[in-house]
Structures are given as structure tokens and as C-alpha cells.
Ligand SMILES: Cc1ncc(COP(=O)(O)O)c(C=O)c1O
């Protein structure tokens, strides 16, 4: 059996017949878009995240974009986004017509650097061309950003905080769940995410009743009292009932899967402590990661990737080029991002999923240690 980077079929086997039945019921039920399973899922997700409202939509990108649109974030507005993240985090800002302003990250957690955020806000104020409006921390690789540090800055500057929980949903910080933090949050149910469906899907979260109403309207073409009253320009972004049925089943085992991911990460950390060449990811005190990725830093990253490939161990590099240096985003303002730039040369993500057995993990560990030295 070849080693999988993420083994979704192992989870599929575990979910078995109850999942098949849930899908069949969604099909037989005939309400294929925003059916009763969608309402049920939104209730369960809101409870899980510890937040008042969950509004599902077509994907994680829309989950963020719809919030920005509901807040009327647009031309002339600055939204502070980490440079070390997936493109969608900045893309939604540009799609809303606003300006992403890039912020550096911390080299041990990969998450937004509060000092760099302060510098970026000061830069925007000094230049006086844009209005600071929103901070968008990303809960990268499964770990919440350091909200203890970020929230006071957001409050002091009277900004809004939209958390990109696409990778971190379900992670914890001081008992608060990623998804339930911020003025609003957005997550993705892309299949490879820790909580993924069998296609595209996403959800926004908020405690704000007014925002909840706006999100529901915008995802349905800006509907008013009913479908054929249009009170604003919206979009078509809804979750399929089949996907909701799948997510209801997956959510039941999600807390246990987070623990299983944690066990895998702990074994990696312990094994790699033997090598001076490997820097393991740091989880801040009081946080629990969902380990969407297990990402180490090594000086000879490309060699390690080639050595692992030769031994049948799949890896991935997130992210080689900071967004502030990407062709599509290089013209936007940015704080200096030396950490994001350096990480692009040293990071490598190893196979990580709840069903990674110890024997397979030992093979991966041995191959890594053999390549970098320290076996
Ligand atoms: C950090 C981050 N933000 C946003 C998204 C967008 O989610 P989706 O692919 O569901 O649109 C992703 C998904 O890959 C992501 O990793």
C-alpha cells in the first residue's frame, strides 16, 4: 500500500453504511439545495463552534467574501492579511474591491505576527490613502492565530476581525474554538480539510444577529422577505443538501479525529526532537491544533523532499512564495515580510491524517531522519 498524504478513504471506510444512508435520504428527500439537513448542520456547527449563527455556503472563499460584502468593505478600505497563507485569504479582499495589506507571520507558529500587524496599520495610517477596516488572521495549518495578542490591537484600532478558519476550524485557544472567534469567521469544507465534505462547501459564523440576516440574504441573490424580493446585490452561494448530510455524519467523529491527529503530531514531534536539523511546529500554550498540516522546517528542504519522494513518502510545500510577492498581489501594500519569505524555502508538510498508523508513521520518520541526519 502506498503512503497517502491525506487518507480520505480510510475515513470513508469508517463512516460506512450510516453515511450511505444519510446520502440516500438526502437524495430521496428531494430538497437538494438548502434542505432540512442544511438547517440541522448549521445548528450543530454553531453549537460546536460556540457561536450563535452558522450560515453555510458554496465554499470557503465565499464564506469570507460574503462577510466582507455584508460589512460593505470595498474601495478605499484596507484589510490586513498574512503574507504566508493560501491565496483565497487575499483574493476575497480584492474581489470585494478593497485592498489587501500584507502582514508577516511568526516563524514558530506560522500565524500573524502582532508586531508586524501594528507596523502595517501604522504604515496605512501614515500614508493616509486607505481606511483600515478589517484584520483577517488565518488559523494556519490547524492552529488558531494568537488572538490574545491580536484582539487588543483590533479593539484599540476599532477594526473588525474576520478570522479565516478554513484550515483551523475546530482548533482551540483558551477553550474557544476556531470558527467561534472574531466578529465573524469563515471556514471551508474542501475535502482535504480536517472537516471536509465530498465536494465544495463552506460556512460563515457570527454572534451578530444583523450580520446573520445579511449573510443569509447575500448567499441567496440578496433576497428580502422571500426569494423573489431582491433588496441588495447578492450571489448564488449555497450548500448542497447531500454535502450537509455528509458533514453531519463527519461532525460526529470530528472531536475524536482531532485527538487522533494530535496523537500523530505528538509522535512526529517526539521523534524529530532527536535531530538538530528539524524545527517542529510550535503550538502555543492553551491551544489545541487540528493539524490540518504537519509542517516542519529544515535547511535542506528540497533535498528532503526528493529523498522522501524516492522512498514513496508524499509531501507538500505550503507556501513557497509569500502572497506579497505573487504576480497577482505584488502591487498591493505590504509590511516587510522576511519571515514569510524565509519560510518559503524551509517548510515541508508531511503526511498527516487521523488514520496514519504507527508502522507507516515510523517509516516516514525513519526516511526523514535518514535524509536530514539524526537517525
Ligand atoms: C487559508 C484558506 N483560506 C481560504 C480557503 C478557501 O476555501 P475554499 O477552497 O473552500 O474556497 C482555503 C482553502 O483551501 C484556505 O486554505
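The values are calculated or read from the model by the stated rules, or taken from the named source; none is laboratory data. Keep in mind the model is a prediction, meaning the values are calculated, not measured. Cβ placement follows ideal geometry from the backbone for every residue including glycine, while neighbour counts extend to all protein chains displayed.
One residue stands out in segment 184-221 among those that are in contact with a helix residue (DSSP H, G or I) (Cβ under 8 Å, 6 or more places away or on another chain) and farther than 20 Å from residue 290 by Cβ: the one that is surrounded by the most Cβ atoms within 10 Å (Cβ to Cβ), namely 215. A single member of 292, 306 is in contact with a helix residue (DSSP H, G or I) (Cβ under 6 Å, 6 or more places away or on another chain) and either crowded, with 20+ Cβ neighbours inside 10 Å or not in a loop (DSSP other than H, G, I, E, B) (or both), and it is 292.
Say whether the condition of being farther than 20 Å from residue 81 by Cβ and within 13 Å of the ligand (Cβ to nearest atom) is met by at least one residue in segment 157-170. Spell out how you get there, then give the answer.
Our first condition is that a residue be farther than 20 Å from residue 81 by Cβ; within segment 157-170, this holds for 170.
Applying the additional criterion that residues be within 13 Å of the ligand (Cβ to nearest atom) yields none.
No, segment 157-170 has no match at all.
For residue 276, the conditions (1) closer than 30 Å to residue 187 by Cβ; (2) modelled with pLDDT under 95 all hold with the exception of (1). Set side by side, the residues 108, 113, 62 differ, and just one is surrounded by 22 or more Cβ atoms within 10 Å (Cβ to Cβ), at negative phi, in contact (Cβ under 8 Å) with a residue 24 or more places away in the chain and more than 16 Å from the ligand (Cβ to nearest atom), which is 113. Within segment 74-95, take every residue that is more than 17 Å from residue 318 (Cα to Cα) and buried (at least 24 other Cβ atoms within 10 Å of the Cβ) and give me the one that is nearest to the ligand (Cβ to nearest atom). So the residue we want is 92.
Residues in segment 266-306 that are more than 20 Å from residue 343 (Cα to Cα) and touching a residue at least 12 places away in the same chain (Cβ under 8 Å): 267, 271, 274, 286, 287, 288, 290. Counting residues in segment 223-235 that are at pLDDT 95 or above, more than 14 Å from the chain's Cα centre (by Cα), farther than 18 Å from residue 355 by Cα and within 14 Å of the ligand (Cβ to nearest atom) gives one or more. When residue 2 is tested against (1) away from the ligand (no atom under 14 Å from the Cβ); (2) modelled with pLDDT of 95 or more; (3) within 30 Å of residue 359 (Cα to Cα), just one condition goes unmet, and that condition is (2). Regarding segment 252-259, can at least one residue be identified that is buried (at least 20 other Cβ atoms within 10 Å of the Cβ), in contact (Cβ under 8 Å) with a residue 60 or more places away in the chain and in contact with a strand residue (DSSP E or B) (Cβ under 9 Å, 6 or more places away or on another chain)? The answer is yes, given that some residue of segment 252-259 is buried (at least 20 other Cβ atoms within 10 Å of the Cβ), in contact (Cβ under 8 Å) with a residue 60 or more places away in the chain and in contact with a strand residue (DSSP E or B) (Cβ under 9 Å, 6 or more places away or on another chain). Residue pairs whose Cβ atoms lie under 8 Å apart, sitting 6 or more positions apart in sequence or on different chains, and linking a residue in segment 21-46 that is at positive phi and touching a residue at least 24 places away in the same chain (Cβ under 8 Å) to a partner that is surrounded by 17 or more Cβ atoms within 10 Å (Cβ to Cβ) and assigned to a helix (DSSP H, G or I), are 34/241. With the structure loaded, tell me whether residue 174 is surrounded by fewer than 23 Cβ atoms within 10 Å (Cβ to Cβ), within 23 Å of residue 69 (Cβ to Cβ) and more than 13 Å from the ligand (Cβ to nearest atom) or whether it fails that test. No; evaluated as a whole, the condition is false for this residue.
Between 181, 153, the distinction of being surrounded by fewer than 24 Cβ atoms within 10 Å (Cβ to Cβ), farther than 17 Å from residue 56 by Cβ and in contact with a helix residue (DSSP H, G or I) (Cβ under 7 Å, 6 or more places away or on another chain) belongs to 153 only.
Per the listing 353, 331, the residue uniquely over 18 Å from residue 108 (Cα atoms), assigned to a loop (DSSP other than H, G, I, E, B) and touching a residue at least 24 places away in the same chain (Cβ under 8 Å) is 353.
Looking only at segment 268-284, which residues are closer than 13 Å to residue 361 by Cβ, surrounded by 16 or more Cβ atoms within 10 Å (Cβ to Cβ) and out of contact with any strand residue (DSSP E or B) (no Cβ under 7 Å at 6 or more places or on another chain)? Listed by number, the residues that qualify are 269, 271.
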